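The values are calculated or read from the model by the stated rules, or taken from the named source; none is laboratory data. Since the structure is predicted, the reported quantities are computational estimates derived from the model, not experimental observations. All Cβ positions, glycine included, derive from the backbone under ideal geometry; neighbour counts span all protein chains shown.
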Amino acid sequence: MPHTGKFSVTVTKDYLVFASAHFITFKGHRCEGLHGHNYRVSVTLEGSLDEEVWFVFDFVALKHIMRRLCDEIDHKVLLPLENPKLTLGEQGDSITVAYDNRPRYVFPKRDCALLPLPNTTVEMLAEYLTGLLQAELAKEGANGVTAIEMEVEENFGQSATYRLTL
Ligand SMILES: [Zn+2]
């Protein structure tokens, strides 16, 4: 039987949740206050079938990888390292955050996830998780995967999607 159509596998949101605090900066001089979301993630891998097992990628392995990536930022304050409006500092076991050069927050270091992002929007979180997943897939030798699509939802009905063609 020829398999001429395209296949994809999806692991969806109910399993992939992280509850984290964040705030984002806007254009000009607006900065949100600290708040939290129960973020939910959905990921789709497109690719060719592995014709030994007849799947694109093992669901169990994908769920384990994604669960681990979500756990790394679960119950953390998500802080962007590359936001020019924020200055992050380290004082002993604390992370200090200044906005517009004015001190704003001090967090215990162990409760922070310092992310290489310009802002902790769902767009940037989706791209970030895609990059981590891409590295994990390479380690697993998942050569048949041709695209990753990552959706991160911060509220019901409010999400961003990033798609990377490999
Ligand atoms: Zn928010």
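Remark: residue 98 matches the filter, which requires a residue to be touching a Gly at 6+ places or on another chain (Cβ under 8 Å) and surrounded by fewer than 17 Cβ atoms within 10 Å (Cβ to Cβ).
Residues are listed down the side, and each one gets a yes or a no for (1) aromatic (Phe, Trp, Tyr); (2) within 16 Å of the ligand (Cβ to nearest atom); (3) at pLDDT 95 or above:
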{"residue": "55", "(1), (2), (3)": "yes, no, no"}
{"residue": "70", "(1), (2), (3)": "no, no, yes"}
{"residue": "118", "(1), (2), (3)": "no, yes, yes"}
{"residue": "140", "(1), (2), (3)": "no, no, no"}
{"residue": "157", "(1), (2), (3)": "no, yes, no"}
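Quick check on residue 91: is it surrounded by fewer than 15 Cβ atoms within 10 Å (Cβ to Cβ) and within 16 Å of the ligand (Cβ to nearest atom)? No; evaluated as a whole, the condition is false for this residue.
Being more than 16 Å from the ligand (Cβ to nearest atom) and either in contact with a Gly (Cβ under 9 Å, 6 or more places away or on another chain) or closer than 26 Å to residue 151 by Cα (or both): is that true of residue 65 here? Criteria met by residue 65.
The single condition among (1) surrounded by 15 or more Cβ atoms within 10 Å (Cβ to Cβ); (2) away from the ligand (no atom under 15 Å from the Cβ); (3) closer than 23 Å to residue 163 by Cα that residue 112 does not satisfy is (3).
Scanning the stretch 131-140 for residues that are within 10 Å of the chain's Cα centre (by Cα) and touching a residue at least 40 places away in the same chain (Cβ under 8 Å) gives 132, 133. If you check 38, 101, 83 for being of a type in the set (S, T, N, Q) and closer than 16 Å to residue 114 by Cβ, only one passes: 83. So in the stretch 1-34, with the set limited to residues that are in a loop (DSSP other than H, G, I, E, B), in contact (Cβ under 8 Å) with a residue 40 or more places away in the chain and more than 29 Å from residue 145 (Cβ to Cβ), which one is farthest from the ligand (Cβ to nearest atom)? Applying the filter and picking the extreme gives 29. Please enumerate the residues belonging to the stretch 35-60 that are part of a loop (DSSP other than H, G, I, E, B) and touching a residue at least 24 places away in the same chain (Cβ under 8 Å). Matches in the stretch 35-60: 48, 49, 56, 57. Restricted to the stretch 77-88, and to residues that are surrounded by 15 or more Cβ atoms within 10 Å (Cβ to Cβ) and away from the ligand (no atom under 14 Å from the Cβ), which residue is farthest from residue 109 (Cα to Cα)? Here the residue is 85.
Here's a check for you: in the stretch 40-64, which residue that is farther than 17 Å from residue 6 by Cβ and touching a Lys or Arg at 6+ places or on another chain (Cβ under 9 Å) is surrounded by the most Cβ atoms within 10 Å (Cβ to Cβ)? Checking each candidate, the answer is 41.
Say we look at the stretch 1-45 and pick out the residues that are of a type in the set (A, V, I, L, M) and under 19 Å from residue 106 (Cα atoms); which of these is nearest to the chain's Cα centre (by Cα)? Once the filter is applied, the top-ranked residue is 21.
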